[in-house]
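Accompanying notes for the structure given below.
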Amino acid sequence: MQGMFGVRSESASPQNLLLRALPRRDFERLRPFLETVPLVPRRVIQHAKFPVEHLYFIEEGLVSVLATADERDAVEVWLIGREGVVGGPAVLGVNSSPLRHIVRVGGRALRIGVDDLNSLTTEMPLLRTVLLSYVHVALMQSTQSTACSLRHPFPQRLARWLLTAQDRSDSDELPMTQALLARTLGVRRATVSETIKGFERRGVLARLRGLITIRDRARLEKISCRCYRIIRREQERPLRWQTDRVPLFALQAACCLV
């Protein structure tokens with residue numbers, strides 16, 4: 001069935017890891033409300049301070065979450081791929097967020113309206129639990145990324161970002177320009193250029209115009225700081241949040257987001 005902006009999902013097996021964590025019966029209950037929409041590079045899918053109307057379960061592609069540093073600049077605070085969802089504040093009952101969500105690598109997502117989601121989480125407590133567990137992971141990633149930016153040299157930070165992007169996209173090839181990386185990470189373009197040249201000389205990366213290819217992941221992991229391993233370990237934890245822990249967790253997460 002055709003929607004205004006996409007197509008109702010008929011996929012029997014979602015690629016999004018949150019949806020895959022649900023029991024089959026829960027996903028079947030959810031599926032009629034999911035609409036497949038394209039993710040177009042450089043398109044903002046959630047504006048800062050605007051009401052959150054939809055959640056986007058990423059199936060393919062990467063979405064950057066940006067915090068405004070001043071009137072002109074914004075810096076990435078975390079990255080969302082098929083492990084996550086755009087629109088987390090709505091899960092906590094928050095109507096809007098000061099963060100902007102922009103597509104970095106194109107792909108597709110499964111979209112659902114906030115009102116529909118709220119109705120379904122009443123019927124399916126496990127869906128809410130899974131979403132809250134992801135909010136925890138996103139907050140942890142944001143916190144660890146901030147600590148990394150304050151304490152670690154840029155080559156380690158760039159290695160962490162590239163590894164995280166590879167994990168979330170399941171691809172060795174990242175369609176990213178050096179200028180875009182510089183804006184995303186809040187550094188000068190020359191800093192990115194010099195670092196990538198060093199990675200190329202060591203055989204870690206290959207670079208073409210607008211495309212970065214990871215050639216030696218093992219070496220890239222050695223370059224990266226331990227922040228990447230902390231983020232990766234938290235991401236790989238099974239979704240086992242107990243229902244009786246959800247109210248306290250939701251309060252903590254809401255305070256962090258606000």
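Any read-out appearing in this document is the output of simple, stated calculations on the displayed coordinates, not a laboratory observation. None of these values were measured; they are calculated from a predicted model. Reconstructed Cβ throughout: ideal geometry from the backbone, glycine too, with neighbour counts over all protein chains shown.
Kindly express, to the nearest 10 degrees and within the range 0 to 90, the angle between helix 246-257's C-alpha long axis and the longest C-alpha principal axis of the chain.
Result, in degrees: 40.
Residue by residue through region 143-154, which ³J(HN,Hα) values in whole Hz follow from phi under the Karplus form 6.51 cos²θ - 1.76 cosθ + 1.60 (θ = phi - 60°), with glycine and proline marked x?
Each residue's phi maps through the Karplus curve to give 5, 5, 5, 5, 4, 4, 5, 7, 10, 10, x, 4 Hz.
Percent relative contact order of region 153-224, based on C-alpha pairs within less than 8 angstrom and at least six residues apart?
Here the relative contact order equals 40 percent.
If a/c stays under 1.5 just call it rounded; otherwise compare a/b with b/c (prolate if a/b is bigger, oblate if not). Do that for region 26-101, with a ≥ b ≥ c from the square roots of the Cα gyration tensor eigenvalues.
In terms of gyration-tensor shape, prolate.
Along the charge dipole of the chain, Cβ charges K/R +1 and D/E -1, which of V52, L92, Q144 sits furthest on the positive end?
Farthest towards the positive pole: Q144.
Counting only trypsin sites (Lys or Arg not before Pro) that sit in a DSSP loop (anything but H, G, I, E, B) with at most 16 other Cβ atoms within 10 Å, what is the longest stretch of the chain containing none of them?
By the stated rule (loop sites, at most 16 other Cβ atoms within 10 Å), 73-187.
Note the listed values (i) 26, 25, 18; (ii) 29, 25, 17; (iii) 31, 19, 18, then indicate which one is semi-axes √(5λ) of the Cα gyration tensor in Å calculated from this particular structure.
(iii)
Enumerate the amide H contacts of L99 below 5 Å, restricted to partners 5 or more residues apart or on another chain; note that Pro and chain-start residues carry no placed amide H.
K49
Helix 189-201: angle to the longest alpha-carbon principal axis of the chain, degrees 0 to 90, nearest 10?
That works out to roughly 80 degrees.
Placing +1 at every Lys and Arg Cβ and -1 at every Asp and Glu Cβ, with all other atoms neutral, what dipole size does the chain have around its Cα centre, in debye to the nearest 20?
Taking the Cα centre of the chain as origin, the dipole is about 1000 debye.
Rounding to the nearest 20 debye, state how big the charge dipole of region 152-221 is about its Cα centre with +1 on each Lys and Arg Cβ and -1 on each Asp and Glu Cβ.
Computed about the Cα centre, the dipole is about 320 debye.
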